[in-house]
Amino acid sequence: MRDFAGKVAVVTGAGGGLGRALAEALAARGMSLVLADLRPGPLAETAALLAERGAEVLAQPTDVSRREPVEALAAAAYRRFGAVHLLCNNAGVSLGGGLETMTEGDWRWALGVNLWGVIHGLAAFLPRMIAGGPGGHVVNSGSMAGLIASAGLGVYTATKYAVVGLSETLARDLRPYGIGVSVLCPMGVQTGIVATSAALRPADSERRTPPEGQPELVGRWLPPAQVARLVVRGIEEERLYIVTHREGLALIERRFARLQEAFLLLPEPEAAP
Ligand SMILES: NC(=O)c1ccc[n+]([C@@H]2O[C@H](COP(=O)([O-])OP(=O)(O)OC[C@H]3O[C@@H](n4cnc5c(N)ncnc54)[C@H](O)[C@@H]3O)[C@@H](O)[C@H]2O)c1
């Protein structure tokens with residue numbers, strides 16, 4: 001998608017970090033914004049910030065882990081603007097701790113927001129975007145944790161691998177409609193994700209002490225605005241993978257070297273009888 005001005009973008013998780021920065025970057029390119037977040041207060045702050053700068057904004061408190069509110073968001077977006085050109089399924093939560101310590105509540109919560117949030121976004125908006133097409137773009141917020149496994153991040157990793165796999169397939173499925181797909185795969189971004197997620201983690205999700213030491217996936221902590229600029233460029237250039245941290249390449253190479261080794265170590269095929 002090359003032209004942004006006058007078009008409509010949806011950003012979930014717009015009450016904080018990356019979602020807010022992305023909404024700011026898209027508004028600066030002349031887009032109208034449909035903003036959603038579970039937390040009404042921070043959502044209203046983002047909406048006010050953009051409205052002050054002259055953007056057309058619809059802000060609707062939404063729990064992306066549930067189908068009905070996301071359907072209601074899509075209905076409201078089309079009522080107000082008549083079209084959506086860019087869908088950013090960005091809302092997400094993080095949690096750390098060994099898989100052996102994770103509860104069913106942890107799994108349901110993280111999968112609910114990070115994976116079902118994306119699924120609900122696609123289910124609610126895609127049929128309308130296709131009908132209003134051709135063209136458009138979807139950005140799903142994955143993570144480097146969707147490309148590389150890291151000790152102590154198992155639940156988060158499972159949700160993000162799913163988002164990456166889903167996005168890779170979606171890019172193929174949506175090609176006939178001219179709708180581009182990107183999956184954003186950052187390492188550290190300077191947002192409040194740890195504190196916000198800790199506050200949102202449900203009560204039935206037992207709070208356990210995270211493992212000692214740094215997770216492997218730590219590189220630089222980039223400002224959200226810098227990542228948002230990379231997302232805008234990734235949309236313009238129709239990039240499937242939007243990566244943000246050069247230091248991640250060594251980790252990717254190590255993973256692929258291990259996979260390659262597994263193939264190279266296969267025994268010779270037995271001769272046919
Ligand atoms: N910050 C990082 O280092 C980092 C790295 C890689 C990927 N990501 C991903 O980027 C995305 C944005 O994260 P962020 O760092 O800006 O975090 P953040 O916590 O600053 O923002 C996420 C927003 O999502 C909202 N949210 C949480 N649950 C929700 C729900 N059920 N429905 C609707 N909104 C909900 C929160 O209220 C919050 O405003 C996430 O998908 C995250 O996994 C972040």
Take every Cα pair under 8 Å in region 8-247 that's 6+ residues apart, average their separations, divide by the length, and report that relative contact order as a whole percent. 21
Taking the Cβ of each residue in 201, 79, 108 as the centre, tally the other Cβ atoms inside 10 Å and list the residues starting with the fewest. 79, 108, 201
State, to one decimal in nm², a quarter of the convex hull surface area for the C-alpha atoms of the chain, i.e. the direction-averaged projected area. 17.2
For region 151-167, 3J(HN,Hα) per residue [Karplus equation, 6.51 cos²θ - 1.76 cosθ + 1.60, θ = phi - 60°, Hz, x = Gly/Pro]: 4, x, 10, x, 5, 4, 4, 4, 5, 7, 4, 4, 5, 5, x, 4, 5
Counting only backbone N atoms under 15 Å from a point 7 Å out along Cα-to-Cβ of residue 108, the residues of region 27-70 in range are 65-67
From the alpha carbon gyration tensor of region 1-77, can you work out the equivalent ellipsoid semi-axes (sqrt of 5 times each eigenvalue) and give them in Å, largest to smallest? 19, 14, 10
Assigned charges on the beta-carbon of Lys, Arg, Asp, Glu; the chain dipole about Cα centre (debye): 720
First measure r as the distance between the Cβ atoms of residue 249 and residue 28, then evaluate 1/(1 + (r/R0)^6) with R0 = 30 Å and state the FRET efficiency to the nearest 0.05. 0.55
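Starting from region 227-273, pick out the trypsin sites (Lys or Arg not before Pro) whose DSSP state is loop and whose Cβ has at most 10 other Cβ atoms within 10 Å.
Listed in order of number, the matching sites are 246.
Taken together, the values in this text are just the output of simple stated rules run on the coordinates, not laboratory data. Quick caveat, the model's predicted, so the values are computed rather than measured. Note that each Cβ is placed from the backbone with ideal geometry, even for glycine, and that neighbours are counted across all protein chains shown.
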